[in-house]
Amino acid sequence: MKIQSFKDLIVYQKAFKLAMEIFEVSKRFPSEEKYSLTDQIRRSSRSVATNMAEGWAKKRYPKHFVSKLSDSLGEEYETEVWLDFSLSSQYISKEEHLHFNNGYEEVRKMLISMIENPGKFAPFPS
């Protein structure tokens with residue numbers, strides 16, 4: 001299948017799904033976390049996918065494309081840290097933490113592959 005849009009990227013689909021799952025889980029977080037952990041984990045998890053979309057919009061320029069993918073990777077790592085805080089604060093279970101870590105490990109590997117081989121994912125114009 002030819003990639004027509006960032007929405008066709010499996011990595012985008014996985015990142016979007018994980019962000020939505022985090023949104024649902026974070027509804028259980030205590031109200032005192034609203035402007036800290038809850039907002040931060042929602043923002044970073046969503047930014048993994050949104051940076052891919054921004055990168056796609058700049059795919060005409062290889063360095064910009066890779067830069068936005070790198071931003072997406074940074075947000076992925078940040079989300080992992082917020083998940084660790086969520087587990088340590090007992091806001092999520094060990095099983096939920098493992099689920100999210102496994103999902104983000106997949107996303108991370110895909111993003112790294114895209115960064116290392118950008119032309120496979122968004123052929124650049126001559």
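The values are calculated or read from the model by the stated rules, or taken from the named source; none is laboratory data. Just so you know, these numbers come straight off a predicted model, no measurement behind them. Neighbour counts are summed over all protein chains in view; Cβ atoms, including those assigned to glycine, are modelled from backbone coordinates with ideal geometry.
Scanning the stretch 13-25 for residues that are surrounded by 17 or more Cβ atoms within 10 Å (Cβ to Cβ) and of a type in the set (K, R) yields a single hit, K14.
Please find, among K68, K94, K120, the residue that is exposed (fewer than 14 other Cβ atoms within 10 Å of the Cβ), touching a helix residue (DSSP H, G or I) at 6+ places or on another chain (Cβ under 9 Å) and either modelled with pLDDT of 95 or more or within 18 Å of V25 (Cβ to Cβ) (or both). Even if it seems obvious, please write down each step before you answer.
Numbers: K68 fails: exposed (fewer than 14 other Cβ atoms within 10 Å of the Cβ); K120 fails: either modelled with pLDDT of 95 or more or within 18 Å of V25 (Cβ to Cβ) (or both).
Every option except K94 fails the conditions.
For the stretch 1-12, taking the residues that are among the aliphatic types (A, V, I, L, M) and not in a helix (DSSP H, G or I), the one that is surrounded by the most Cβ atoms within 10 Å (Cβ to Cβ) is identified as L9. Candidates in the stretch 26-57 are the residues that are surrounded by fewer than 17 Cβ atoms within 10 Å (Cβ to Cβ) and under 20 Å from H97 (Cβ atoms); of these, the one that is modelled with the lowest pLDDT is S36. The selection criterion, being touching a Ser or Thr at 6+ places or on another chain (Cβ under 9 Å), of a type in the set (V, I, T), surrounded by fewer than 19 Cβ atoms within 10 Å (Cβ to Cβ) and on the phi < 0 side of the Ramachandran plot, holds for V81.
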